[in-house]
1. As an exercise, identify the trypsin sites (Lys or Arg not before Pro) in the range 200-279 lying in DSSP coil whose Cβ has no more than 13 other Cβ atoms within 10 Å.
2. With every protein chain left in place, what is the accessible area per residue of the range 46-180 in square angstrom, probe 1.4 Å?
3. Would you please name the GluC sites (Glu not before Pro) within the range 114-203 that are DSSP coil residues with at most 15 other C-beta atoms within 10 Å of their C-beta?
4. What is the local net charge at residue 292, summed over the other residues whose Cβ is closer than 13 Å to its Cβ (Lys, Arg +1; Asp, Glu -1)?
5. As a test of the definition: which semi-axes, in Å, follow for the range 57-138 when you take the square root of five times each eigenvalue of its alpha carbon gyration tensor? Largest first, please.
6. Given Cα pairs under 8 Å that are at least 6 residues apart, what percent is the relative contact order of the chain?
7. Accessible area of the chain with a 1.4 Å probe: how many percent of it is carbon plus sulfur?
8. Given a 1.4 Å probe and heavy atoms of the protein chains only, how would you sort 158, 207, largest accessible area at the top?
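The values are calculated or read from the model by the stated rules, or taken from the named source; none is laboratory data. A quick note: this is a predicted structure, and the numbers were derived from the prediction, not measured. Note that we place each Cβ from the backbone using ideal geometry, even for glycine, and neighbour counts take in every protein chain shown. SASA here: full protein model, heavy atoms, side chains in, ligands and nucleic acids out. Shrake-Rupley method; radii C 1.70, N 1.55, O 1.52, S 1.80 Å.
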Amino acid sequence: MILPADPKRNYIAHRQHIVSAIQRVLDGGWYILGQEVEAFEREFAAYIGVAHGIGVASGTDAVLLALRAAGVGAGDAVVTVSHTAVATVAAIELAGAIPVLVDVDPETFTMDVQALEAALELRPGVKAIVAVHLYGHPADMPRILEIASRYGAAVVEDCAQSHGASIEGRKTGAWGNVAAFSFYPTKNLGALGDGGAIVTNDAGIADRARILRQYGWRTRYVSDVAGLNSRLDEMQAAILRVKLPHLDIENNKRREIAARYDRALASSPLRLPVAKPNVHHVYHQYTVRYDRRDSLQAALKTAGVGTAVLYPQPVHRQGAYSGRLPQSNLVHTEKICREILCLPMHPHLRDDEVQTVIDAVLEAVR
Ligand SMILES: *Cc1c(COP(=O)(O)O)cnc(C)c1O
């Protein structure tokens, strides 16, 4: 079976260096918030092109702590999309805030900027916007920042699927007031366990995030603010330091595979993903649209091609959230989730496997 994502192959590709990095941490005898985390925070912030990096325990925590560090708290309204990982919305609620859901652009699958502006017009005092760079395609940050500044809202980027993506050469994570990354194993930069990071150019936000991730301590055992425990551990940081120098190469491999799918499927009835001009798409997912998605997925499975549907239900339709969150018209969000299918996409897909996927898709839609 060709897997939709394959973190084990990534581990095997870097095995020797990962094993010696783990050994180094084990022998060093310091396991939480030490020199590996500090070095990774510096290296990752430099890679994104910002001043500060703060390692945390997961992408969900990164969004939560980014919001709290940006001053979002109880009862504040935060605009985001419903077509995203549930973690985006869960993190807003964990911060005590109220997610306000808007539609996505059906071409890029990212926040519809007109819907954003309408939501801000309708509800004065929105505190923040969480822009999600879904599937590796950046949201329209220039427009979002322009709108946000007119309405006085902070901008948090959810970069959990966009490590290394950029707009006009500036990386996702370097546009908003603060940004959140996940290092879940299947992400473009993945740990071998949970992990996340916050990046920002704002020294005040960085300072607050750093304190919040460890019980609100400024000095040991003394909490300045009410924080939590959300630390990146030394072992995951050491593993991420092995993988970070390969991120651009691996993203380029994803882009080559995407280009091959693009060419081979151009005249098929599938709607293929687009990359806007000026955007460097990193294809966390290669997401096609097809009106008979379920039968396509079943035919591919029979042909040995594993696929995924990210996401089968928009957040506002899921039991935990349905009927209780403010939302605007979500017509594209509703339609997309019935049609989307993510083809296998990871940097270690072999040429023959890509061909198998292409042949199986063409056969299934013939
Ligand atoms: C993966 C993901 C998250 C959550 O990351 P975790 O590390 O699993 O907590 C948040 N937002 C998006 C868009 C994601 O894809």
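1. Filter output for the range 200-279: 220.
2. 28 Å²
3. Passing sites in the range 114-203 are 168.
4. Result for the local shell: +2.
5. So the equivalent ellipsoid measures 19, 17, 9 Å along its semi-axes.
6. 23 percent
7. Summing carbon and sulfur atoms, their accessible area is 51 percent of the total for the chain.
8. 207, 158
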